[in-house]
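A.B. asks: Structure below; questions to follow.
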Amino acid sequence: MCTVIIHVPEDAGAPTRLLAVRDEDPGRAWDPLGPWWPEAHPGVLGVRDSRAGGAWLAADPVAGRVAVILNRADVDVPEGVELSSRGHVVLDAVGGTALDDPPHTHGFNLVEVDQAGARVTMWDGATVRRVRLAPGTHMIAHDDIDDPTTARIAAWREAFGEPGDGERWWAPWLATLEQTTALGPTDDRAIIRDNRPFGYPTLSLLVCAASVSADGAEVVYGELDEPGAWNTLQLR
């Protein structure tokens, strides 16, 4: 039940900005932002799932590509089909490899950003849908883009607005993210979350911010001191 905020600029020459909050089982080990795939994916940075070896978020700074994946509920899982980890989908996307059709994974929302813009691929176990994002600020969680029935999107999409300017462009978004934590992590509208009351063993663990422009891609990273509990983050 991760959350992504993304701003697509009106000016095609301006950078696309993204803020991603990762929810995962704290007992499932991960590696922080780093170059974890030097042989298979040279130059790629990402947050690695230590168990399966894939990525939650990954970027190719030189090629100017960023991808991040959010879990989505399946509507159908065919019997006898062996499903693989969703983490390879992120690495394939950053590497420019086309998605399997159909994907042999559980459902997901895949957010991809490159110099041509931003798009979301939605897979629910039955149908693949692809949407190119229009200019403006969007939110994606475990359902559709800007889904008004997703409580956190209905509550906070307008509050995020546009990101800031300059080297720390993400600062206004982090300030808004901190404001959302007044609700508490078990509120259905929360972005920094404790999903256990909803039947999932996941809590918010970390935040990444990414920018993609004609100059390439940049990603910064920060971990929460305690899963599901806010603390002031210094992204780097």
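A.B. asks: Given the structure, is Arg152 surrounded by fewer than 15 Cβ atoms within 10 Å (Cβ to Cβ) and either under 19 Å from Asn71 (Cα atoms) or touching a strand residue (DSSP E or B) at 6+ places or on another chain (Cβ under 7 Å) (or both)?
C.D. replies: Working: surrounded by fewer than 15 Cβ atoms within 10 Å (Cβ to Cβ): no; either under 19 Å from Asn71 (Cα atoms) or touching a strand residue (DSSP E or B) at 6+ places or on another chain (Cβ under 7 Å) (or both): yes.
No: the conditions fail for Arg152.
A.B. asks: Could you go through the stretch 164-187 and let me know if any residue there is free of Cβ contacts under 8 Å to residues at least 60 places away in the same chain, part of a helix (DSSP H, G or I) and under 30 Å from Pro102 (Cα atoms).
C.D. replies: no
A.B. asks: Considering only residues that are without any contact (Cβ under 8 Å) to a residue 12 or more places away in the chain and of a type outside the set (D, E, K, R), look in the stretch 79-126 and name the one that is surrounded by the fewest Cβ atoms within 10 Å (Cβ to Cβ).
C.D. replies: Residue satisfying both the conditions and the ranking: Gly80.
A.B. asks: Let me ask something else. Restricting attention to the stretch 13-29, report how many residues are surrounded by fewer than 18 Cβ atoms within 10 Å (Cβ to Cβ) and either assigned to a strand (DSSP E or B) or in contact (Cβ under 8 Å) with a residue 60 or more places away in the chain (or both).
C.D. replies: Going residue by residue through the stretch 13-29, those that are surrounded by fewer than 18 Cβ atoms within 10 Å (Cβ to Cβ) are 13-14, 25-29.
If we keep only those that are either assigned to a strand (DSSP E or B) or in contact (Cβ under 8 Å) with a residue 60 or more places away in the chain (or both) too, we end up with 13-14, 25-27.
Of the residues in that region, 5 qualify.
A.B. asks: Anything in the stretch 153-175 that is closer than 12 Å to Thr3 by Cβ and in contact with a helix residue (DSSP H, G or I) (Cβ under 9 Å, 6 or more places away or on another chain)? List them, or say none.
C.D. replies: Taking the stretch 153-175 first, the residues closer than 12 Å to Thr3 by Cβ are 153, 155-157, 160, 173.
Scanning the stretch 153-175 gives Ala155, Trp156, Phe160, Trp173.
A.B. asks: Determine which single condition Asp49 fails, assuming it passes every other condition in (1) of a type in the set (Asp, Glu); (2) in contact with a helix residue (DSSP H, G or I) (Cβ under 6 Å, 6 or more places away or on another chain); (3) within 24 Å of Leu174 (Cα to Cα).
C.D. replies: Tallying (1) of a type in the set (Asp, Glu); (2) in contact with a helix residue (DSSP H, G or I) (Cβ under 6 Å, 6 or more places away or on another chain); (3) within 24 Å of Leu174 (Cα to Cα), Asp49 fails exactly one: (3).
No lab work stands behind these numbers, since they all come straight from the coordinates. Only a predicted model underlies this, so the values are computations on that prediction, with no experimental measurement involved. Cβ: placed from backbone, ideal geometry, glycine included. Neighbour counts: every protein chain shown.
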